[in-house]
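Heads up, the thing below is written out as structure tokens.
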Amino acid sequence: MKFPKDFFLGAASAAYQVEGAWNEDGKGISNWDLFTKIPGKTFEGTNGDVAVDHYHRYKEDIKLMAEMGLDSYRFSVSWARIIPDGDGEVNKKGIEFYNNLINECLKYGIVPFVTLYHWDMPNVLEEKGGWTNKHTVDAFVKYAKTCFEAFGDRVKHWITFNETIVFCQKGYLTGSHPPGIINDVKKYFEATHNVFTAHAKSVLEYKKLRQFGEIGITHVFSPAFSVDDNKENVAAAYHANQYEIAWYYDPILKGTYPKYVLDQLKENNWTPAWTEEELNILREAAPKNDFIGLNYYQPQRVIKNTVDAEEHAKAHCDGAPGNASFDGAYRTVSMKDKVYTKWGWEIAPDALVEGLRLLKSEYGDIKLYITENGLGDADPIIEDEVMDVPRIKFIETHLKAVKKAISEGINLKGYYAWSVIDLLSWLNGYKKQYGFIYVDHKNNLERKKKLSFYWYKKVIEERGENI
Ligand code: NOJ
């Protein structure tokens with residue numbers, strides 16, 4: 001089987017992780033610009049001030065993407081570059097940068113797939129409560145509209161938010177991302193609801209403009225499976241899927257929240273302060289979503305949690321198994337018969353297919369893209385070549401899984417490897433590499449093609465026939 005002609009074989013990045021130029025050309029200061037500078041927050045104090053300097057080197061980078069043959073490039077727009085103070089004047093230089101980036105992609109026939117929010121927010125808004133303040137919702141919609149109007153003649157694929165669960169959980173529960181708040185469950189749910197409302201309003205605005213492109217959201221896709229048939233563990237996995245999948249996917253695709261979670265929020269006094277009008281907007285926007293983007297790295301293997309409440313706050317921040325859920329109901333574990341990356345993430349292409357089947361049975365035939373999938377590794381350099389063989393194996397087995405899912409009738413329309421180029425891995429600095437292109441931080445950020453670069457190029461040329 002070949003991947004169909006209209007199936008995107010692409011790769012992705014995000015503004016804060018690649019751009020740099022943090023205070024150039026009128027860009028406002030973002031929450032991440034400040035958060036990474038708090039001592040002890042990131043590996044060796046690394047930050048995105050320069051990142052891999054994509055802001056200045058985008059031409060060189062896109063030329064490499066064209067050489068690789070990418071059908072599409074998924075990147076994000078930095079809100080603070082477009083509207084430096086969050087909801088005031090538009091920064092012409094910011095618009096100009098993304099116009100150039102988009103035009104450069106189109107010059108080579110690379111389809112731009114644009115994320116509006118990949119975690120960096122103008123800090124002025126963060127200071128006023130970020131996603132817990134409803135004013136941020138209106139500011140986001142204004143920013144989204146500005147982007148649709150400026151770029152929508154050429155950009156036909158929009159993602160509103162990237163991984164709401166991550167920036168809300170880490171922002172309000174574990175405190176490892178901005179705004180760095182620990183264990184404020186009420187704020188956590190409040191923030192998620194405001195994000196869903198901002199998404200829904202942006203979808204409606206986009207449709208009003210009649211630009212005839214598509215719009216959706218990207219979620220983490222990390223389905224939970226019980227480690228065995230023990231009833232308590234099965235119930236724990238159900239609980240995990242309700243809180244981590246249904247809570248995120250239902251308001252987008254069904255326009256309502258899952259009853260199981262709602263009932264427990266009520267009991268605990270955690271229900272967000274929503275209005276009838278907001279709930280109606282969710283309902284109105286739901287059928288207008290064109291797709292869901294899935295970031296798939298690993299599933300969760302789940303047991304009922306028995307560790308005491310104190311431990312919950314110590315949740316791991318890097319996604320590796322070993323943490324208890326915020327409410328103490330379940331715990332993720334690693335298993336002897338599974339395979340793990342150097343960072344302890346499970347490698348499980350089969351669980352992707354299994355998860356996709358569950359998704360289809362719950363949400364039907366909505367169009368899906370894998371908007372991220374890849375291997376975080378410390379790549380060996382042998383005789384001056386970056387020999388990232390494990391990455392090739394990882395992507396190959398996951399592309400096989402994608403083929404299997406398509407052959408079963410799952411409506412998958414694209415695959416974006418994470419990441420196109422080595423980039424700032426948020427808290428992990430530059431030591432955790434994901435890219436097809438290596439960046440030499442000791443030598444003027446020089447780019448170098450990895451083994452996987454040539455491999456992916458061939459895969460695209462052959463439309464995956466030999467996978
Ligand atoms: C998902 C996030 O969207 C991306 O920014 C991050 O670098 C990868 N996960 C890897 O952790």
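The values are calculated or read from the model by the stated rules, or taken from the named source; none is laboratory data. Predicted model, so just to flag it, every value in this text is computed and none were measured. Cβ coordinates were reconstructed from backbone atoms using ideal geometry, including for glycine residues, and neighbour counts include every protein chain displayed. These accessible areas exclude ligands, DNA and RNA; they are computed on the full protein's heavy atoms, side chains included. Shrake-Rupley method; radii C 1.70, N 1.55, O 1.52, S 1.80 Å.
Listed here are the residues, each with its yes/no results for (1) open to solvent by 10 Å² or more (accessible area, probe 1.4 Å); (2) farther than 25 Å from residue 214 by Cα; (3) among the polar types (S, T, N, Q).
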| residue | (1), (2), (3) |
| --- | --- |
| 343 | yes, yes, no |
| 350 | yes, yes, no |
| 365 | yes, no, no |
| 374 | no, no, no |
| 379 | yes, yes, no |
| 383 | yes, yes, no |
(message) I need the full set of residues from the stretch 5-54 which are at pLDDT 95 or above, touching a Ser or Thr at 6+ places or on another chain (Cβ under 9 Å) and in a helix (DSSP H, G or I), in order please.
(response) 15, 16, 17, 18, 35, 54
(message) Please verify whether residue 438 is within 16 Å of the ligand (Cβ to nearest atom), outside any helix (DSSP H, G or I) and in contact (Cβ under 8 Å) with a residue 24 or more places away in the chain, treating the condition exactly as stated.
(response) no
(request) Go through the stretch 100-202 and tell me which helices (runs of 4 or more DSSP H), entirely inside it, have 3 or more residues that are within 16 Å of the ligand (Cβ to nearest atom) and under 23 Å from residue 75 (Cα atoms). (result) 164-172
(request) Consider residue 432 carefully, then state whether it is touching a Phe, Trp or Tyr at 6+ places or on another chain (Cβ under 8 Å), among the basic types (Lys, Arg), closer than 18 Å to residue 294 by Cα and in contact (Cβ under 8 Å) with a residue 40 or more places away in the chain. (result) no
(request) Identify all residues within the stretch 152-172 that are buried (at least 21 other Cβ atoms within 10 Å of the Cβ) and touching a residue at least 60 places away in the same chain (Cβ under 8 Å); write none if there are none. (result) 157, 159, 162, 163, 164, 169, 170
(request) Looking for whichever is of a type in the set (S, T, N, Q), farther than 16 Å from residue 15 by Cβ and in contact with a Lys or Arg (Cβ under 6 Å, 6 or more places away or on another chain) here; the options are 444, 428, 411. Which one fits? (result) 411
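If only one of 166, 234, 155 is more than 18 Å from the chain's Cα centre (by Cα), closer than 24 Å to residue 355 by Cβ and β-branched (Val, Ile, Thr), which one is it?
234
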(request) Determine if the stretch 311-326 includes at least one residue that is at pLDDT 90 or above, closer than 24 Å to residue 167 by Cβ and away from the ligand (no atom under 16 Å from the Cβ). (result) yes
(request) Please find, within the stretch 47-81, the residue that is nearest to residue 7 (Cα to Cα) out of those that are among the aromatic types (Phe, Trp, Tyr) and crowded, with 23+ Cβ neighbours inside 10 Å. (result) 73
